[in-house]
1. Mind listing the long-range amide H neighbours of residue 139? Cut-off is under 5 Å, sequence gap 5 or more, other chains count too, H placed in the peptide plane at 1.01 Å from N.
2. Report, to one decimal in Å, the Kirkwood hydrodynamic radius for segment 1-155 based on all distinct Cα pairs.
3. Tabulate in residue order the Karplus-calculated ³J(HN,Hα) for segment 63-69, using 6.51 cos²θ - 1.76 cosθ + 1.60 with θ = phi - 60°, rounded to whole Hz; enter x for Gly and Pro.
4. In terms of Cα to Cα distance under 19 Å, which aspartates and glutamates are near enough to residue 7, apart from those fewer than 8 places away along the same chain?
5. Mind listing the long-range amide H neighbours of residue 5? Cut-off is under 5 Å, sequence gap 5 or more, other chains count too, H placed in the peptide plane at 1.01 Å from N.
6. On a full-extension model of 0.36 nm per residue, what is the gain between residue 12 and residue 126, subtracting their alpha-carbon distance, rounded to one decimal in nm?
7. For labels at residue 145 and residue 3 in the simple 7 Å Cα→Cβ model, what's the distance in nm?
Amino acid sequence: MTLPTRKAYLTFLASQLGVREIPDGSNRTKYGVAYGWNGVAWCQEFDWYCADVMTVPHIKTASTVAAVAEARKKGTWKAGTAGIQPGDSVYFHWASSTRAHDQPDHVETCEKVLADGIQTIGGNVENCVHRQIRRANILGHIRHEFAPEPAYNRVVTFAKAYLRLNPNVHSKVLATVHKDDKLRAIPGGTVLWARTTRGYILRTRIRTIR
């Protein structure tokens, strides 16, 4: 199993924004179909679905309570808000809840950590997959495992390169790649497409250091 990067995972979640119940109020979604239990509250099914599609290890359950219980056993559960990172499954306990104070009512994924809260993407919010800002009622979070983002390497020798302002538009404008430009590279120093600090996209071969 190949893990996605955190960025790739969040990009996939964002691609689901706006997916709705059909009809509204029915709890009937493609996530329920994929899970095998449709027509029920589906925030946890959405959480599982995204992890399953993107090959992120996560318990298969439609229950937020079961998900948190399993995470507590495995040691991947973190109570409270401290240390929340993008990609974490964040669980909420509503003030109006009839459940025990340490049991969750809802789950969403942290997309971005803000100074005064978190930006999340979650299912079963206003009958659809929705993005919102949460500042309260956070019970805790489950930490997921992701692949590291590709490293940025520093160019140590200047190179001439064909620059393209748009990767789909050919250009023969030559420019110098300076040592302060950071380029995304693959082992061996071959850069097929890279964005410099000046915002250019280039195609060339360069030498890099690790």
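FYI, it's all coordinate maths here, none of it is from the lab. As the structure is a prediction and not an experimental result, all values here were calculated from the model. For neighbour counting, all protein chains shown are included, and Cβ atoms are generated from backbone atoms with ideal geometry for every residue, glycine included.
1. Answer set, sorted by chain and number: 91, 92, 93.
2. 15.8 Å
3. For segment 63-69, the Karplus curve yields 10, 5, 5, 5, 4, 5, 4 Hz.
4. Straight-distance partners of residue 7: 47, 52, 88, 108, 111, 145, 149.
5. Amide H to amide H, under 5 Å and 5 or more residues apart or across chains, residue 5 pairs with 147.
6. Gain on stretching residue 12 to residue 126: 39.0 nm.
7. 0.6 nm
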